[in-house]
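The values are calculated or read from the model by the stated rules, or taken from the named source; none is laboratory data. All values derive from a computational prediction rather than experimental measurement. All Cβ positions, glycine included, derive from the backbone under ideal geometry; neighbour counts span all protein chains shown.
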Amino acid sequence: MSLEQVAIGSTARVADVSGSDSTSLRLLEMGLTPGVNVRVVGTAPLGGPLELELRGYRLSIRRHEAARVAIAK
Amino acid sequence: MSPTPDGTASPDGSPLPAGWAGRCIVVALLGNPNTGKSTLFSALAGIPTRIGNYPGVTVEEKLGRFTHRGQSIELIDLPGTYSLVPKSPDEQVAVDVLHGRLPDVPTPDCVVVVADATNLERNLYLATQAIELGLPTVVALTLCDVADEKGITIDSAELGRRLVCPVVRVVAPTRTGIDALGDAILSVIHSPRQQPQGLDAHLAAVHPRHEQAAREAIARYAWIEQLLSGVVHRQPPSTRPLGERIDDVLTHRLWGTLVFATTMLAMFSSIFWLATPLMDGISGAMDWLSGLTESLLPEGAIRSLVVNGVLAGVGGVVVFVPQIAMLFLFIAILEGCGYLSRAAFLMDRLLCGVGLGGKSFIPLLSSFACAIPGIMAARTIENPRDRLLTILVAPLMSCSARLPVYLLLCGAFVPNVAVGFSWLRLPAIVLAGMYAVGVATAALVALVLSRTIFRGPPQPFVMELPGWRWPRWPVVLERVREAVWSFLQNAGTLIVAVSIVVWALSSYPRNDTVIDADVAAHREVLTTRLAGLPAGDSDRTDVAEELAALDTDDGLAAARRGAAQRHSALGWMGRLVEPLVRPLGWDWRLGCAAIASFPAREVVLGTLAVIYNLGDIDPGEEEGGTALVRRLRAATWDGTNRRVFTLPVALSIMVFFALCAQCASTLVVIGRETKSWLWPVVTFTYMTVLAWLGAFATYQIGTWLGG
């Protein structure tokens, strides 16, 4: 299951970020590392980006980037 | 190489080690975006001593200077960055400066890492990377006041021990902790450097299947969590923080979008409302100056050069200043309080569809007022590919200079009939259609370019939504000042030069014999035409009026002015391009007007007025506009009674103006912002080709439907 599928308002724990390009490195650098808790705050209209809360701040990423973030069940 | 302080006290016991005396210490200011870095820069150094671009890139370079306890310190503001593993030009510059790899930029002796106290985990990511570089480092904890409000307490002394570098709490707007920061800089410069330990231990714990950079990122966060345990205490506030409650509304799918639309509408219309009187004031002042010059200088070439060349050019530059200042004021406020990222978040999906991103929205919206501030606003887009694409399509948004052309032609040549509803009139639909033509073409161009020459790996959209806070006025005003100044300084001179060239083309060569012959021939044509028109024909009054005007001093002067322009280099060029514009339904006079408006499209109505012997009237005013419309309606193809201006021709002119790059200022600004002359050439070429094709299709289809 990926972060893209997490329901709005719920919190999930990151298991892994797939890929080894600059995007996945950026996601890690922004704090989406294995073990961190992420709350999905909301989403932009028309299937736009997700608004996340982690490590005490808010981050927005697009859905296909969220799909790279695997969630611990 | 910068001298490496060895920590030994200087022989004479002065507070600074040998080698520093009389030398300026170079301090680099590093930090994540949105950490109050600019505010700290102002608090430390005041107004920057130098603002420009780093060599070869469009990344802004900002230097300042201040003195602390007699030691002069040069401050380099590095672009905001999240990591020292560079992924963008901004981040590359930060890394290059820290390593002393950029020519003309002094190598830093010390790094001040700005860290947002409300968000230490992520901020320490960059801070620990900076500490590992080995330069003397100080961590400045900013936004401590906001952290206090949020119930976050930080044991900065303990954090300093763990990081093995001074950690100073600052509240930049009130200058709290600024002196302590200065002291910390002086102390680290000559104390022995020790590296904090810990990253290596965590690296060993990360699964080896990850790439090296990814392993380091994972290990670094694990280390930071350990560093902060017992250092940061969060006391959950009794009520939900205001910022979160604001965000619930402002990033909501429905409410957020509604608030966004209202904000943009308010911002956009106030730019119009507030900038218009200022722009009118500037035009008025320029008219007054022209009038003064006319009364002081004798009639002749010099006066014409000063009034129609130099002053017109200067006026054409200065008139953009209110809009640039207004837009950057709004952008700086929205950026300062954190709304700009929310706007990009809300609009991302819409623009993603055409290969752009959420951050392109405000630059494109601004371009409806004027492409120049819009293109400059594209600086807020970090991603170089998205930024360039936005700049290339921004001039297709119908700017306010196109509006008078649309209004005049829609009013004069589009039948004022109702469409479906009595309130829905055809001219209004055509007017809206012209805006739609620009937007649709921009979407198409962006889509095609992003799939062809700008094709590449998908650009990530990983954007922080910074906490809500009040904008800092010194930072806001600095932003406005910088935008206006860079426009005047760099674009201004070139625009004035272009304006002088156009003046010369439309004034020379000048031959009085030819002009007299032209006026006489024109009188002949009008007389013959009047005689041929049956009584009661609608054209009779117009032709008779024009003929009568030739007998007045003003009318004759206007006719001579028109003749001079028709026989100038510009007139010659108009005849030269006639085969090109004929398929658009235009005669050579329209070709002239189009050529003359390449430097600035707003001159087209004035040029038409001169060509059609009305002299220097103001077609923007009702009286001038009506006179021009009557003259245009009566205009015929040379030697025939066939009208030039029909509905398909009017539509073809409007489409041409909607799509054509008729603004030298925009092209100059594109060159400046992209640091390359290739992109203005590309923009000019593609827009002119599209404009011709669009006008051609409009005229041909219009004629076919009408015929």
Checking B:287, B:248, B:280 in turn, the sole residue that is within 14 Å of another protein chain (Cβ to nearest Cβ) and among the charged types (D, E, K, R) turns out to be B:248
Residues in the range B:213-244 that are assigned to a helix (DSSP H, G or I) and away from chain A (no Cβ under 12 Å) total 3
Check your understanding: With respect to residue B:591, is the statement that it is without any contact (Cβ under 8 Å) to a residue 24 or more places away in the chain and on the phi > 0 side of the Ramachandran plot true?
Key -> no
**Asked** Right, residue B:73: away from chain A (no Cβ under 14 Å), more than 32 Å from the chain's Cα centre (by Cα) and assigned to a helix (DSSP H, G or I) or not?
**Response** no
Considering the range B:164-182, residues that are at pLDDT 90 or above and part of a helix (DSSP H, G or I), and then whichever is surrounded by the fewest Cβ atoms within 10 Å (Cβ to Cβ), we arrive at B:179
Restricting attention to the range B:552-589, the residues that are among the charged types (D, E, K, R), at pLDDT below 85 and surrounded by fewer than 16 Cβ atoms within 10 Å (Cβ to Cβ) number exactly 2
From the option list B:340, B:327, B:365, single residue qualifying as under 29 Å from residue A:57 (Cβ atoms) and modelled with pLDDT under 80 is B:327
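Here is a yes/no grid of residues against (1) free of Cβ contacts under 8 Å to residues at least 24 places away in the same chain; (2) surrounded by 19 or more Cβ atoms within 10 Å (Cβ to Cβ); (3) polar (S, T, N, Q):
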site	(1), (2), (3)
A:24	no, yes, yes
A:27	no, yes, no
A:32	no, yes, no
A:36	yes, no, no
A:39	no, no, no
A:49	yes, yes, no
A:55	no, yes, no
A:61	no, yes, no
A:70	no, no, no
Within the range B:522-536, the residues that are without any contact (Cβ under 8 Å) to a residue 24 or more places away in the chain and touching a helix residue (DSSP H, G or I) at 6+ places or on another chain (Cβ under 9 Å) are B:527, B:530, B:533, B:534
In the range A:42-73, anything aliphatic (A, V, I, L, M), closer than 27 Å to residue B:223 by Cβ and either at the interface with chain B (Cβ under 7 Å from one of its Cβ atoms) or in a loop (DSSP other than H, G, I, E, B) (or both) is listed as A:59, A:61
With criteria (1) under 10 Å from the mean Cα position of the chain (by Cα); (2) aliphatic (A, V, I, L, M); (3) more than 7 Å from chain B (Cβ to nearest Cβ); (4) in a strand (DSSP E or B), residue A:32 comes up short on (4)
Only unsatisfied item for residue B:592, checking (1) within 20 Å of residue B:515 (Cβ to Cβ); (2) surrounded by fewer than 16 Cβ atoms within 10 Å (Cβ to Cβ); (3) under 36 Å from the mean Cα position of the chain (by Cα), is (2)
All conditions in (1) buried (at least 16 other Cβ atoms within 10 Å of the Cβ); (2) free of Cβ contacts under 8 Å to residues at least 24 places away in the same chain; (3) not charged (D, E, K, R) are true of residue B:300 except (1)
Restricting the range B:369-393 to residues that are within 12 Å of the chain's Cα centre (by Cα) and assigned to a loop (DSSP other than H, G, I, E, B), the one farthest from residue B:91 (Cα to Cα) turns out to be B:369
Across the range B:643-679, the tally of residues that are outside any loop (DSSP other than H, G, I, E, B) and not hydrophobic (A, V, I, L, M, F, W, C) stands at 9
*Please verify whether the range B:75-85 includes one or more residues that are β-branched (Val, Ile, Thr), buried (at least 18 other Cβ atoms within 10 Å of the Cβ), touching a helix residue (DSSP H, G or I) at 6+ places or on another chain (Cβ under 9 Å) and in the same structural domain as residue B:133 (by TED's automatic domain parsing).*
yes
Within the bounds of the range B:127-149, is there any residue that is part of a strand (DSSP E or B) and of a type in the set (Ser, Thr, Tyr)? yes
| message | residue B:261 - would you say it is at negative phi, in the same structural domain as residue B:403 (by TED's automatic domain parsing) and either surrounded by 17 or more Cβ atoms within 10 Å (Cβ to Cβ) or at pLDDT below 80 (or both)? | response | no
Residue B:403 meets each of (1) under 24 Å from residue B:655 (Cβ atoms); (2) touching a residue at least 24 places away in the same chain (Cβ under 8 Å) with one exception, condition (2)
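Conditions tested, residue by residue: (1) small (Gly, Ala, Ser); (2) surrounded by 14 or more Cβ atoms within 10 Å (Cβ to Cβ); (3) more than 20 Å from residue B:560 (Cα to Cα).
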position	(1), (2), (3)
B:503	no, yes, no
B:513	no, no, no
B:523	no, yes, no
B:526	no, yes, no
B:532	yes, no, yes
B:539	no, yes, yes
B:547	no, yes, no
Here the qualifying pairs (Cβ atoms under 6 Å; residues six or more apart or on different chains; first in the range B:464-488 and within 14 Å of chain A (Cβ to nearest Cβ); second among the hydrophobic types (A, V, I, L, M, F, W, C)) come out as B:464/A:59; B:468/B:246
Practice problem: Determine whether residue A:7 is in a strand (DSSP E or B), in contact (Cβ under 8 Å) with a residue 12 or more places away in the chain, surrounded by fewer than 21 Cβ atoms within 10 Å (Cβ to Cβ) and not charged (D, E, K, R). | Solution: no
Next item on the list: State whether one or more residues within the range B:150-163 are touching a His at 6+ places or on another chain (Cβ under 7 Å), under 27 Å from residue B:27 (Cα atoms), modelled with pLDDT of 90 or more and assigned by TED's automatic domain parsing to the domain that holds residue B:128.
Entry: no
Residues of the range B:183-212 being surrounded by 13 or more Cβ atoms within 10 Å (Cβ to Cβ), part of a loop (DSSP other than H, G, I, E, B) and not small (Gly, Ala, Ser), in sequence order, are B:190, B:193, B:196, B:206, B:210, B:211
>> Being crowded, with 18+ Cβ neighbours inside 10 Å and within 14 Å of chain A (Cβ to nearest Cβ) is the requirement here; does residue B:431 meet it?
In response: no
Among the residues of the range B:331-346, the number that are over 19 Å from the mean Cα position of the chain (by Cα) and either within 14 Å of chain A (Cβ to nearest Cβ) or not in a helix (DSSP H, G or I) (or both) is 4
